[in-house]
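Each remark here refers to the structure printed beneath this line.
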Amino acid sequence: ILLLDEETNVLGLVVAEGLSQSVVDRFQSADQADWLSHEAVIRREPVLLSEVRSRLQSQFPELPVNSIGAAVSVPISARGEIVGALTLGSRGVREITASDRRLLMALGQQLGLAVSNARLYVKAQRLAVSEERNRLARELHDAVSQQLFSMAMMLQALPALIERDPGRATERSEQ
């Protein structure tokens, strides 16, 4: 599973099951234009390995492309917006039928909704934290403003108090 970074709009590998670490490392450092998943994102439809097998063999020589019987990459989308790609492979030869494609597209849409909801949840959490910080800042500002106002009122009253009761004025100014 690869997801598009919301800020950079670059695909990033988030889950890789059944691949060696060296293949994953090579995959992550490769030009995205050569990825099966990138092709699915660009086309906005499933892409079969048979359509890009020779390109993958040249890009990933350590990947036993010939030992992969079938592979397909489908876009992950939510509300019409592409958020990533799901790529599945099988060692056995398998024809990907029109029914399989429809099922995979539906799966991609379900995954897209889950990703979109998770991202919205994270944004909501960040917004809640920001709102709480702003609320605390307002309260702190209000408290400081009230104290400053109180001190200003006391300073205004101090000259009159000094004239009437200098001892008490000294005591109040020390507070």
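The values are calculated or read from the model by the stated rules, or taken from the named source; none is laboratory data. No experiment lies behind these values; they were computed from the predicted model shown. Don't worry about glycine lacking a Cβ; one is built from the backbone with ideal geometry, like all the others, and counts go over all protein chains shown. We work out accessible area using only protein heavy atoms, side chains counted, and drop any ligands, DNA or RNA first. Shrake-Rupley method; radii C 1.70, N 1.55, O 1.52, S 1.80 Å.
Just give me the residues in segment 80-107 being modelled with pLDDT of 90 or more and assigned to a loop (DSSP other than H, G, I, E, B), in sequence order. Can you show your working first?
Let us first name the residues in segment 80-107 that are modelled with pLDDT of 90 or more, namely 81-86, 99, 102-107.
Within segment 80-107, no residue meets the criteria.
Checking each residue in segment 133-156 for being under 25 Å from residue 170 (Cβ atoms) and either touching a Phe, Trp or Tyr at 6+ places or on another chain (Cβ under 8 Å) or among the aliphatic types (A, V, I, L, M) (or both) picks out 148, 151, 152, 153, 154, 155.
Scan segment 4-13 residue by residue and report those that are open to solvent by 70 Å² or more (accessible area, probe 1.4 Å) and either touching a residue at least 40 places away in the same chain (Cβ under 8 Å) or basic (Lys, Arg) (or both). Across segment 4-13, the qualifying residue is only 6. Within segment 61-79, the set of residues being modelled with pLDDT of 75 or more and either among the aromatic types (Phe, Trp, Tyr) or part of a loop (DSSP other than H, G, I, E, B) (or both) comprises 79 only.
Within segment 158-175, the set of residues being open to solvent by less than 90 Å² (accessible area, probe 1.4 Å) and either within 57 Å of the chain's Cα centre (by Cα) or in contact (Cβ under 8 Å) with a residue 24 or more places away in the chain (or both) comprises just one member, 173.
In this entry, residue 125 passes the filter for residues that are modelled with pLDDT of 85 or more and either open to solvent by less than 100 Å² (accessible area, probe 1.4 Å) or among the acidic types (Asp, Glu) (or both).
Per-residue answers, yes or no, for (1) open to solvent by 80 Å² or more (accessible area, probe 1.4 Å); (2) among the small types (Gly, Ala, Ser); (3) closer than 30 Å to residue 48 by Cβ; (4) free of Cβ contacts under 8 Å to residues at least 60 places away in the same chain:
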site	(1), (2), (3), (4)
110	yes, no, yes, yes
115	no, no, yes, no
130	no, yes, no, yes
145	no, yes, no, yes
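I'd like the full set of residues that are modelled with pLDDT of 80 or more and aliphatic (A, V, I, L, M), limited to segment 17-60. Those that are modelled with pLDDT of 80 or more and aliphatic (A, V, I, L, M): 40, 41, 42, 47, 48.
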